[in-house]
Amino acid sequence: MELFKFTKATGIPQAVQMAAMSKTAQQGADVRFIAGGTTLLDLMKLNVEVPTQLVDINGLALDKVERLPDGRLRIGALVRNSDLAHSAEVQKDYAVLSQALLSGASAQLRNMATTGGNLLQRTRCMYFRNDALPCNKREPGTGCPAIEGDNRTLAIFGTSSDCIATNPSDMNIALVALEATVQVQGPKGEREVPIGEFHLLPGKTPHRENVLEPGDLVTSVTLPAAKAGAKQTYLKLRDRASYEFALASTAIVVELHGGKISYVRVALGGVGTKPWRSHEAEHALMGKAADAKNFRAAAEAALHGAKPQSENGFKVELAKRCIVHALTVATQQA
Amino acid sequence: MSTFSTTALPLNTPPKTMGKLPRVDGPLKVTGAAMYSSDYNLPGMLYAVPVCATVPSGKITALDASVAEKMPGVKAVYSHGNIGNLYRAAPPSGFIGILDEQRPPLEDEVVRYYGQYVAVVVAQTFEQATAAADKVKVTYSKTDHNVSDKLKTDEKPKVDFHRGDPDAAFASAAVKIDETYATPTETHNPIELHASVASWDGQGFTVYETTQAVMNHRNVMSQMLGVPEENIRVISRFLGSGFGGKLWPWPHTFLAASASRNLGRPVKLVVARSTMFESVGHRPRTQQRFRLGANADGKLVALIHDSLNHTSILDDYSEGCSEATPYSYSTPNLRATSAIVRRNVGTPTSMRGPGAVPGLFAMESAMDELAIRLKMDPIKLRLMNEPEKDEGLNLPFSSRHFVECLNTGAEKFGWAKRTPGVGSMKKDGLTIGWGVAGCSWIAERTEAQAAVDLMQTGMVRVSTATQDIGTGTYTALSQMASTKLGIPHDRIEVVLGDTRLPAGPISGGSWATASLVPAVMEAIEKAKGTLFAVAGSAKGTQFDGAKPDALAFTDGRVHLKDKSPDTGVPFEEILNKANIRVASGQGSSKGTFGDPNKKFSTHSFGAQFAEVTWQPETARLRVSRVVTVIDGGHIINPKPAQNQIEGAVVMGVGMAIFEETHYDPKFGLPLNNNLADYMVTTNADSPAIDVTFLDYPDKVLNELGARGVGEIGLAGIAAAITNAVYHATGVRVRELPVRIEDLLGPKMDVA
C-alpha cells in the first residue's frame, strides 16, 4: 500500500471536481471515490490499485431507494447491498435483484458494499490480484497468464486474447435482466447509461472496464417500472454454499400469456467478461411454451458462442443447466 | 454397547468433576482476555516484515535495500550476509530438536521455492516495515523449476511394511481392485496467523511463539541461534489452533530472534496469510496406487499400497501414507511402500492425521470399490476382514472396537434402509448418497513431566510445559486433578505454555492428554506424600507421628486411613498450621514410541457415515449428514472431545470437496493464497453431525484409559463422502477434491 490523501466529499460537484483531476477513471486511477471500500481497500493492500487521493463519498445524500412518479425505482449509489436486498420495494417487485444480492459475499460485506461499488466490482482473477504476476488488465501490455494458467473460474463469453477475466458481481446480472439504467454525474453534467452499455468488453484494452471518465460519479441506478405478473429468479451455482463467486448464474425475468412466453430477459453471471445478457436465449424462448425442451433449446442457443478456456470447459454445460433450471423455477412460480 | 455416561466411569476414584465441564479457559477467550502470541506488545518493540522470493527457483544476483533503508522508521534490512550466525540443528532425539525446514533462513542466495524469505525489514511500525519491504529490490537469475502435481519417481521406494507374498496373491486373486488415488496439497489455515515476538536481553531470549511444542522450540532455537537452552524462554499461553502447522519451528522465528539480538530491541513478526501458503508447511500432495485382491466371498488375500508424496528441494518429508495400512484389515499378504518426489515448494509438514488421513482416503475408497465389485454391502466387507490382532506388529490390540463402531454407526445412521443402486435413493426432490468408511489413528504416549502443588490457600496448581492448541488441555488437566483429588475444578489452576515449567509433551499426534495422565497422577501422589509428611510431623494433632502410609486424602481432606474422611482436616489447614506454603510433587512418564518390548498395538478406531445430497439438474452436491462413532479410549470430557470430532468432520468436508492449494505451473507460486480462493468449509456447507464415543478405557495406555481425539475425526471422512458421492451419482472420484466438473457427466434428465 502506498501513501494517499483522504478527503471527505462535501457535495457532488466538489467530488466530481476532485475526481476530474485523475488521469483515468479506470485501472490505475490516481483519484478514487471510496464508498464501502470492500473492493478498493483490498486492492490497495495488494498494490493493485495505488491511488494518491481518495475521495470519501459516504457523506453524500445518495443512500435512498425511491419510487419515482412514473413507477420506476431509483436506487442511490450509496444504498448498501443489505439494505437494498431487504428493501420492501425490491422484494416485492424486483425479487431477482434481492436474491442476487443475498447470494453474494457475506453478511458483513453486504452491510458495507454499496450499489455503485458493486456495479464497479473488480474481477477475482488471481493473476489480476497478484502484483508479482503479469496481467494486461492491471499493467497493460504485460500479457495474460490466465489464458494458459488457472482459468477454471474465468470467462467463456466476451474474452479476448488479452483478457479472460470474469465480472464477478451477482447484482449486475440481476440489473441486466431488469434492464436498469445507470445515472452518472460528470464534469460535463448528468447522463444516463443503459446497463448493457455500461460495462466494456476487454478487447485490446482490458484495463478499461466501463464507460466512466475522470470525474464521473455513479449517483444512482434506476429500474424500470415493475411488470405486473412478471416472474423472476436468480440461480447461482458455485463450489460452496456461501461466500463464493458464481461458476455460473442466471437471472430470469419472464412473463407468460396463455402458456406461451410473451416476455423474457436472460442474463448470465460467472461466465462473461461483463455481465452477460443472452439475446440468443431470449429469442429462442419468445412465443414458445414454457417446457423443458424449449428451455434446453434456449440454453443451447445461449451457449452456442461460448469460448471455453483450458480449465473451464465445464462451464458450458454448467451454464446450460443453470439456464434450464432457472427458467424451470421461474416459470413454475405461482 | 457402552455409550458414554458420566455415572459409570471406570475409575477407582469416584468421579467429581469428570464429565461435561465447560472449557475452563472459555471466559478468557470469549472476553478477549486470553493473550495469544501476537497480542504481546513489549516496550520498545519493532516490527519485522519479510521479503519473499518471487521466483520458485534461482539465485539472487542483486539485492538493493538502499531505498528501503532510508524509508521512515526503518531500523534495518537483513539479508544473506548480515543477519548474523544461524546454525543448523543436529538430528533430533525423540521429540526434541525437530524442524521440517532444516535450512536456516537467508543461509545462502539460492531460492528453492516461491515465497522463500530473502530479506527481512525491521521498522518502528508494521506499516513502515511493510512499505519498506515492498521497496527492497531483488534481482534473480532464474533456473528451471518444477511444481507439477503429476508425481513419479525413478528411485526405489522404501518398503514400509511387508508380509507374505503380495504380488503372487494379488495376481491369482479372484477379484481385484487396482486404482490410483490422489490427495492435493492442503494448507493449514488456523485463524491465528503464525507469529513470533522475540526479545533479546543480552544473554538470551524470551519468545512468545505460536508453537504446539514449546520445549522443542526452545531446543531448536538454542541450536540454531547458538544460545544455551537455559537462556531461552518460549511462551505459548494460547493457540488459535495449528493443525500440525505449528508443531515445529519455521524460519520466521529465527528472523525475529536474530533481528532482536542484532538491534537489542524486541521484535514482532506476524506471518501474513499469503505467506502461510509458502513457508510454514502444508500437507503434501499424495498419489497412491492401491491394490486389493480378494476371493469371491470377499476375504482379502492381498493388499499392496504404493504411495508417493511431494517434498521440497532440500528436505525429505515423507507423509507416511501407510500408517494405517498394516493393521486395519486382516490379510496374509501385504506390502506398503513410499517414496518422495522433489518439487520447488516449501517444506511440507504434519497436518491433522498425517499419513493416515490421505492413506485412509485411498484404502477406504478401494474397500468401497471392492464391495461394489463383489456386490456386497461395504460394512459387511469390512466385518469379514476384521483382524483378530495387529497383523503388522503381530501383537494383540490393547482395545479395538471397530466392529462396534460400524454396527453402532449403521444403527444411528439408518444404514439398513440403504438401497445399493446408484442414484436409487431420493429425499425432498434430491438424490441422496450414503457412504461409509473406517478410520484409525495412532494412540501413543510421549515423555511428559508435570508438577502438582497443593497450596496453603486451598488451591491446587498443575503445571507442565505443554500447551493448549485450543482442544481443551487446560480443561482436561483441571479435570484429571479434580477427579483424583476430589477437589472442585474452580480450586484448580492449570499453568501451561512456558518452558520454565516441567517439560511437557508436544500438542500433536493426539497424544498430549494420554501422555500427561501418568505424569499428573504421579505428581499428585507425590504431592500427597509431601503433605502426609507435613501432617505426620504436626505436633499435637490427630496425625502426630502418623506414618504417611497410615494417612489418606479424600475430597481435599487428610484423614487416618482407618477413620472416615469426615474426621479429617482440609489440606490447606495442615499447611497453614505448619506455615508451609506449598506441598509439591513432580511426576514424569515415559513415552511409548519405539518401545521394543511392546505387548500391545495401541490405536483409536472409528467409523464415518456420510450422506450427500445431489441435484443432477444443476450438479449441485452438498454433504448433508455425518454420523461418526469413535473408539478413542475413555473420554475425559465429552464436551471438548465432541467439539474436536465435529471440527474434524467439518475439515473433512473441506478435504473431500473444497481444499486444494494450486501451484501455478509457470510461475511456481501457490496462486490461491488467501481464504477467498482457497476454499474451506463455511457454516452453510457444514453437515448435521452426530458424534458417539464408545468410551472403552484403554488401560494399557494409562490409568484413566484416555487416548486423545484430536485427529481421528478427520480420518476416513473424505472416503465416506466420496463413497456417498459414488452412491448418489455413479461417479468415482479418486482425486480430491470432488469438484462440480467431476459431476457433470451424468446426463440431465430432460423430459
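Looking across segment B:99-141, the residues that are among the hydroxyl-bearing types (Ser, Thr, Tyr) and not in a loop (DSSP other than H, G, I, E, B) come down to B:Tyr117, B:Thr130, B:Thr139, B:Tyr140, B:Ser141. Can you tell me how many residues in segment B:389-444 are open to solvent by 50 Å² or more (accessible area, probe 1.4 Å) and polar (S, T, N, Q)? Total meeting the criteria: 4.
If you go through segment B:101-133 and pick out every residue that is buried (at least 18 other Cβ atoms within 10 Å of the Cβ), over 30 Å from the mean Cα position of the chain (by Cα) and within 13 Å of chain A (Cβ to nearest Cβ), you end up with 5. Can you name the residue in segment B:715-738 that is part of a loop (DSSP other than H, G, I, E, B) and in contact with a Ser or Thr (Cβ under 7 Å, 6 or more places away or on another chain) and, of all such residues, is most open to solvent (accessible area, probe 1.4 Å)? Taking the candidates together, the pick is B:Arg734. Taken over segment B:462-492, the criterion of being in a loop (DSSP other than H, G, I, E, B) and under 18 Å from the mean Cα position of the chain (by Cα) is satisfied by B:Thr466, B:Gln467, B:Asp468, B:Ile469, B:Gly470, B:Thr471, B:Gly472. Among the numbered conditions (1) within 14 Å of chain B (Cβ to nearest Cβ); (2) in contact with a Cys (Cβ under 8 Å, 6 or more places away or on another chain); (3) closer than 30 Å to A:His207 by Cβ; (4) open to solvent by 10 Å² or more (accessible area, probe 1.4 Å), the only one that A:Thr273 does not meet is (1).
Being within 14 Å of chain A (Cβ to nearest Cβ), at positive phi, in contact with a strand residue (DSSP E or B) (Cβ under 9 Å, 6 or more places away or on another chain) and not hydroxyl-bearing (Ser, Thr, Tyr), is that true of even one residue in segment B:553-571? For segment B:553-571, residues within 14 Å of chain A (Cβ to nearest Cβ), at positive phi, in contact with a strand residue (DSSP E or B) (Cβ under 9 Å, 6 or more places away or on another chain) and not hydroxyl-bearing (Ser, Thr, Tyr): absent. For segment A:40-61, a residue qualifies if it is assigned to a loop (DSSP other than H, G, I, E, B) and open to solvent by 40 Å² or more (accessible area, probe 1.4 Å), and the qualifying residues are A:Leu46, A:Val50, A:Thr52, A:Asn58, A:Gly59, A:Ala61.
Candidates in segment B:660-695 are the residues that are surrounded by 21 or more Cβ atoms within 10 Å (Cβ to Cβ) and more than 17 Å from B:Gly346 (Cβ to Cβ); of these, the one that is farthest from the other protein chains (Cβ to nearest Cβ) is B:Asp695.
For A:Glu190, state whether it is touching a residue at least 12 places away in the same chain (Cβ under 8 Å), of a type in the set (D, E, K, R), touching a strand residue (DSSP E or B) at 6+ places or on another chain (Cβ under 9 Å) and closer than 22 Å to A:Leu327 by Cβ.
No; evaluated as a whole, the condition is false for this residue.
Remark: A:Leu212 falls outside the filter, which requires a residue to be within 14 Å of another protein chain (Cβ to nearest Cβ), open to solvent by less than 30 Å² (accessible area, probe 1.4 Å) and in contact with a strand residue (DSSP E or B) (Cβ under 9 Å, 6 or more places away or on another chain). Being within 12 Å of another protein chain (Cβ to nearest Cβ) and either over 25 Å from A:Glu317 (Cα atoms) or touching a strand residue (DSSP E or B) at 6+ places or on another chain (Cβ under 8 Å) (or both) holds for only one residue in A:Gly143, A:Gly149, A:Gly116, A:Gly158, and it is A:Gly143. A:Gln14 meets all of the listed conditions (1) open to solvent by less than 70 Å² (accessible area, probe 1.4 Å); (2) part of a helix (DSSP H, G or I); (3) in contact (Cβ under 8 Å) with a residue 24 or more places away in the chain but one, namely (3). Give segment B:55-98 a look and list any residue that's open to solvent by 40 Å² or more (accessible area, probe 1.4 Å), hydroxyl-bearing (Ser, Thr, Tyr) and touching a residue at least 12 places away in the same chain (Cβ under 8 Å), or say none. Passing the criteria: B:Thr61, B:Tyr87.
Residues in segment B:696-709 that are in contact with a helix residue (DSSP H, G or I) (Cβ under 7 Å, 6 or more places away or on another chain) and either within 8 Å of chain A (Cβ to nearest Cβ) or among the small types (Gly, Ala, Ser) (or both): B:Ala706, B:Gly708. All of A:Ser98, A:Ser106 fail the test of being open to solvent by less than 40 Å² (accessible area, probe 1.4 Å), within 30 Å of A:Asp63 (Cβ to Cβ) and facing chain B (nearest Cβ under 10 Å), apart from A:Ser106. Could you go through segment B:651-660 and let me know if any residue there is under 28 Å from B:Asp377 (Cβ atoms) and among the aromatic types (Phe, Trp, Tyr). No; the residues of segment B:651-660 include none that is under 28 Å from B:Asp377 (Cβ atoms) and among the aromatic types (Phe, Trp, Tyr).
The requirement of being over 22 Å from the mean Cα position of the chain (by Cα), surrounded by 21 or more Cβ atoms within 10 Å (Cβ to Cβ) and over 30 Å from B:Val120 (Cβ atoms) is satisfied by B:Leu303. Does segment A:215-248 hold any residues that are buried (at least 17 other Cβ atoms within 10 Å of the Cβ), within 11 Å of chain B (Cβ to nearest Cβ), at negative phi and not basic (Lys, Arg), and which are they? Matches in segment A:215-248: A:Leu235, A:Leu237, A:Asp239, A:Glu244, A:Phe245, A:Leu247, A:Ala248.
Scanning segment B:273-308 for residues that are in contact with a Leu (Cβ under 7 Å, 6 or more places away or on another chain) and in a loop (DSSP other than H, G, I, E, B) gives B:Arg273, B:Arg285, B:Gly298.
Residue under question is A:Leu247, and the condition is that it be under 15 Å from A:Ile173 (Cβ atoms) and in contact with a strand residue (DSSP E or B) (Cβ under 6 Å, 6 or more places away or on another chain); does it hold? Yes; evaluated as a whole, the condition is true for this residue. Report, by residue number, each residue of segment A:74-102 that is in contact (Cβ under 8 Å) with a residue 40 or more places away in the chain, outside any helix (DSSP H, G or I) and within 22 Å of A:Leu217 (Cα to Cα). Hits for segment A:74-102 are A:Arg74, A:Ile75, A:Gly76, A:Ala77, A:Leu78, A:Arg80. Could we say that B:Val612 is open to solvent by 20 Å² or more (accessible area, probe 1.4 Å), hydrophobic (A, V, I, L, M, F, W, C) and within 14 Å of another protein chain (Cβ to nearest Cβ) here? No, not satisfied. Among the residues of segment A:293-334, just one is in contact (Cβ under 8 Å) with a residue 40 or more places away in the chain, in a helix (DSSP H, G or I) and open to solvent by 40 Å² or more (accessible area, probe 1.4 Å), namely A:Val329.
What about B:Glu660, is it part of a loop (DSSP other than H, G, I, E, B), among the charged types (D, E, K, R) and within 30 Å of B:Trp614 (Cβ to Cβ)? Here the answer is yes, as B:Glu660 does meet what is asked. For segment A:289-314, a residue qualifies if it is of a type in the set (D, E, K, R) and facing chain B (nearest Cβ under 9 Å), and the qualifying residues are A:Asp291, A:Lys293, A:Arg296, A:Glu311.
Within this structure, B:Ile712 passes the test of being away from chain A (no Cβ under 14 Å) and either of a type in the set (Val, Ile, Thr) or surrounded by fewer than 24 Cβ atoms within 10 Å (Cβ to Cβ) (or both).
The values are calculated or read from the model by the stated rules, or taken from the named source; none is laboratory data. Since the structure is predicted, the reported quantities are computational estimates derived from the model, not experimental observations. Positions of Cβ are generated from backbone atoms using ideal geometry, with glycine treated the same way; all protein chains shown enter the neighbour counts. Accessible surface areas use protein heavy atoms only, side chains included; no ligands, DNA or RNA. Shrake-Rupley method; radii C 1.70, N 1.55, O 1.52, S 1.80 Å.
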